[in-house]
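I have placed the structure first, in the form of structure tokens, so that the comments after it can refer back to it.
The values are calculated or read from the model by the stated rules, or taken from the named source; none is laboratory data. These numbers come from a predicted model, not from an experiment. Every residue, glycine as well, gets a Cβ built from its backbone with ideal geometry; the counts of neighbours run over all protein chains shown. Only protein heavy atoms, including side chains, enter the accessible area calculation; ligands, DNA and RNA are left aside. Shrake-Rupley method; radii C 1.70, N 1.55, O 1.52, S 1.80 Å.
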Amino acid sequence: MLQGALAGLAAGGLYAVLAVCLTLMSRLVRVVNFAQSATGMFGCYVAVFLSVDLGLPTWLATVVGILLGGLLSALLGWIVSTWLAEADTGTRSAVTVAVLLLLISLSFILFGNKPQPFHPILDGPAVTVGGVVISQVTVVTVALAVLVAVASRLVLSRTPAGVQLRALSERPTTAELLGIPAKRLSVAVWAVTGVVGTLVISIVAPSQSNDATSLAMLVVPAAAAALLGGFRRLDLAVAGGLGLGLIQGAAAQVDGLSVVRYFLPFVVIVALLLWSQRKEVWDAAR
């Protein structure tokens, strides 16, 4: 079970990175980006096509795929910032659901509905502790989750661009009146989170179920992790993603729970939503 839990930690690192991206998007540009993992999936699929079908070196194809994922995310951010600048969070988030479905359908048309032959970027064990093997993918994804969260906190608190982003998220109208370039900063947030999301998916995809639907729907466990921090706290988003991966990995080793692990993110989302509404429910009951 310990080996299974540590194996699940690789997926947990992936959830954590995506959860940090979702949290940043919610805080800074008022969007729950349901297409976060879909843009990454599409970029990774293009990378596989360039590598396998066109013969590009794996590293070059991977770089192109990561940049494409960031470009797709930036394009979506430009559309939202241009035509939905005054819309509420629900409306802006609904647009990303449409993009999620569009990218899944487009991947079916272009690449088929079967898993793709990903070339592993990282392979093999990193360290063995007490007979338990910890893979390179696990170490890198966990480290990347912590690094992205810490770097985001530092950028937001100690750089001029971070101060502008915080002002834009808390007082958007006032920030624009003061001359802060709202659209440019918003598109930059979309682009950076797109690049980071595509990067972590390209690392983990060779060792996970990598059909288009499975990769695009990684946003569900990531949203469960982000919800633990209320889409506000980066540290809880990281903890939620890692914890969810550990539990899923451990559950996979138990015959009676191996199927339940697929439904665990939905259970977590429902439980956290009910818990967040406890005060209103209890007040109404009283």
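List of remarks:
- Computed from phi, the 3J(HN,Hα) profile of the stretch 149-162 under the Karplus parametrisation 6.51, -1.76, 1.60 (θ = phi - 60°) reads 5, 5, 4, 5, 4, 5, 5, 5, 9, 10, 10, x, 5, x Hz, with x in place of Gly and Pro.
- Averaging the sequence gap over all C-alpha pairs within less than 8 Å and six or more residues apart, then dividing by the number of residues, gives the chain a relative contact order of 38 percent.
- Share of Cα-Cα pairs in the stretch 1-137 lying beyond 18 Å, as whole percent: 64
- Per residue, the accessible area of the stretch 1-284 comes to 48 Å² when a 1.4 Å probe rolls over the protein heavy atoms.
- Charge dipole (debye, nearest 20) of the chain; +1 at Cβ of Lys and Arg, -1 at Cβ of Asp and Glu: 700
- For the stretch 135-253, the square roots of the Cα gyration tensor eigenvalues, ordered a ≥ b ≥ c, give a/c of at least 1.5 with a/b greater than b/c, which places it in the prolate category.
- Each residue of the stretch 67-78 was assigned a 3J(HN,Hα) from its phi angle through the Karplus expression (A = 6.51, B = -1.76, C = 1.60, θ = phi - 60°), giving 5, 5, x, x, 5, 4, 5, 5, 4, 5, x, 5 Hz with x at Gly and Pro.
- Computed packing ranks the peptides 236-248, 142-154 as 236-248, 142-154, most packed first, by mean other Cβ atoms within 10 Å.
- Relative contact order (percent, whole number), the stretch 1-117, Cα cutoff 8 Å, 6+ residue spacing: 31
- The H on the amide N of G229, modeled in the peptide plane, is under 5 Å from the matching H of A237, each at least 5 residues off or on a different chain.
- For the stretch 103-109, Karplus couplings with θ = phi - 60° (6.51, -1.76, 1.60), whole Hz, Gly/Pro x: 5, 5, 5, 5, 5, 4, 5
- Fraction of accessible area attributable to carbon and sulfur, the chain (%, probe 1.4 Å): 69
- Prolate/oblate/rounded label for the stretch 159-227 (Cα gyration tensor, a/c 1.5): prolate
- Protection proxy ranking, peptides 192-204, 36-48, 165-177, average beta carbon neighbours within 10 Å, highest first: 36-48, 192-204, 165-177
- Ranking D123, D255 by solvent-accessible area of protein heavy atoms (1.4 Å probe, all protein chains present), from largest to smallest, gives D255, D123.
- Length released on extending from T159 to D53, taking residue separation times 0.36 nm less the Cα-Cα span: 33.8 nm
- Cα-based shape type of the chain, given that a ≥ b ≥ c are square roots of the gyration tensor eigenvalues and the cut on a/c is 1.5: oblate
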